[in-house]
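Q: Here you go, one structure.
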Amino acid sequence: MTQIKQIGVIGAGTMGNGIAQTFAVAGYPVLLQDLSEAALERARKTMESSLGRQVKKGQLSEEAARDALARISADTKLETMADRDLVIEAIVERLDVKAGVLKQLDAICRPDAILASNTSSISLTQLAAASAHPGRVIGMHFFNPVPVMQLVEIIRALQTTDAVAEAVTEVTRAIGKTPRVSKDSYGFVVNRLLAPLINEAINCVYEGLATPEDIDSMMKLGANHPMGPLALGDLIGLDVVLNIMETLYEGFDDPKYRASPLLKQMVHAGYLGRKTGRGFAEYH
Ligand code: CAA
Ligand code: NAD
């Protein structure tokens, strides 16, 4: 199994820039790719501000933050991933789009390069089937915000080799995260529990039980959650929450996972949460 040294991250959005930053802080050279220079520029600004918070908290020296940023290069061309040992995709939560990128990576990356997906809910076995080398595909599921959240859910596809699983578990520890293994099941463990919670909170708003603020406040005051479920949906991105609910609903064919009508309306209206400045709250 190749020694993991060179990291590639595809998708520089909410999760991708945090994953790139986390590997860079741990000393790995990272190549970050997205579809546009604008997306890469936004990612750099986000990483600079996130690293600045860690410096302010005394978690990181100024020099370590500067060195981390210097380890991250960015490009819009997928072909630049050719020399990577581990490529993590954090692009849109759509099986067809992810499968398409895996196929492109088959032609670009070495056959022994590991292809990991940060998918929230999609079957890794279905994803692996898109690659000519399915044994190298695995789920590496980070949590938002990546610099802060300790967990990485490791999900093996039926096709994933032992060597790939061992190498990914090892590198997860090397970047200071805690690996926990979930079976390849829709939504894995955390999102099987968390997405329906957020969806039910949206149903409570839809049915007029209480205001979004009060629902969030009740879960913080009554269940000691660090943030309320609606604020969490805004942090994750309501488009991502809807994608997860649709994967659970179709995957398990179980009406209990039906997405709230209000969740669909919010996504149709483009009110996706923090990333568009408006969800169940407004963000400036
Ligand atoms: N980069 C670096 N540091 C950050 C950060 C970032 N992006 N965001 C927050 N922090 C740090 C802050 O510096 C602060 O540090 P101290 O406590 O040491 O001062 C700490 O985290 C708390 O940040 P804030 O004070 O800004 O706000 P907060 O106290 O409300 O914490 C939070 C923010 C960490 C997000 C907290 O509210 C929280 O843990 N919320 C729950 C998040 C969660 O459940 N994530 C999982 C979602 S599910 C998922 O990700 C999977 C999926 O597939 C959808
Ligand atoms: P996002 O919408 O914030 O970012 C996605 C990024 O991918 C965008 O910058 C987009 O330009 C880029 N992209 C889309 N198609 C691409 C392609 N073909 N090639 C290169 N870049 C492409 O999404 P996100 O919230 O970061 O989610 C990304 C993935 O991570 C999804 O699979 C999601 O389910 C998963 N995830 C999200 C969270 C969360 O809290 N948002 C947490 C864990 C996992």
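The values are calculated or read from the model by the stated rules, or taken from the named source; none is laboratory data. Every value quoted in this text rests on a predicted model; they were computed, and no experiment measured them. Note that each Cβ is placed from the backbone with ideal geometry, even for glycine, and that neighbours are counted across all protein chains shown. Heads up: the accessible areas ignore ligands, DNA and RNA and are worked out on the full protein's heavy atoms, side chains in. Shrake-Rupley method; radii C 1.70, N 1.55, O 1.52, S 1.80 Å.
Q: For region 191-276, report the accessible area per residue in Å² (1.4 Å probe, heavy atoms, rounded to an integer).
A: That works out to 52 Å² per residue.
Q: How many percent of the accessible area of region 169-271 is carbon or sulfur, using a 1.4 Å probe?
A: Carbon with sulfur: 55 percent of the solvent-accessible area.
Q: Moving on. Note the full-extension length gain between GLU37 and ASP254 as 0.36 nm times their separation in residues minus their Cα-Cα distance, in nm to one decimal.
A: Working: separation 217, 0.36 × 217 = 78.12 nm, distance 4.10 nm.
Extra length from GLU37 to ASP254 when fully extended: 74.0 nm.
Q: Among rounded, prolate and oblate, which fits region 177-260 when a ≥ b ≥ c are the square roots of the eigenvalues of its C-alpha gyration tensor, a/c under 1.5 means rounded, and a/b larger than b/c means prolate?
A: Details: a/c = 2.25, a/b = 1.33, b/c = 1.69.
Judged from the Cα gyration tensor, region 177-260 comes out oblate (a/c at least 1.5, b/c at or above a/b).
Q: Let me ask something additional. Okay, which of region 146-160 sit inside 16 Å, backbone N to the point 7 Å along the Cα-Cβ direction of VAL55?
A: none
Q: Same structure again: Taking a probe of 1.4 Å, how large is the accessible area per residue of region 55-118, in Å²?
A: Working: 3140 Å² over 64 residues.
About 49 Å² of surface per residue is accessible.
Q: Using a Debye calculation, one point per C-alpha and no hydration shell, please list log10 I(q)/I(0) for the chain at q = 0.08, 0.15, 0.17 Å⁻¹ in order.
A: Each listed q maps to, in turn, -0.33, -1.17, -1.44.
Q: To continue, here is another question. I want to check the label-to-label distance for ALA26 and GLN3. Put each point 7 Å from Cα in the C-beta direction and report it in nm to one decimal.
A: The answer from the label model is 1.7 nm.
Q: If the chain between ARG173 and TYR283 were fully stretched, how many nm would it gain, using 0.36 nm times the residue separation less the Cα-Cα distance? Mind showing how you got there, number by number?
A: On the way: separation 110, 0.36 × 110 = 39.60 nm, distance 3.40 nm.
This chain segment gains 36.2 nm when fully extended.
Q: Here is a further query. May I ask you to compute the full-extension gain from ALA129 to ALA269, defined as 0.36 nm times their residue separation minus their alpha-carbon distance, rounded to one decimal in nm?
A: On the way: separation 140, 0.36 × 140 = 50.40 nm, distance 3.41 nm.
That works out to 47.0 nm of additional length.
Q: How far is it, in nm, from the label point at GLU63 to the one at MET227 when both lie 7 Å from their Cα along the line to the Cβ?
A: 3.4
Q: Given the DSSP H assignment, sum -39500 (n - 2.57) over each helix run of at least 4 residues in the chain and divide by its residue total; what's the result at 222 nm in deg cm²/dmol, nearest 500?
A: So the calculated ellipticity at 222 nm is -14500 deg cm²/dmol.
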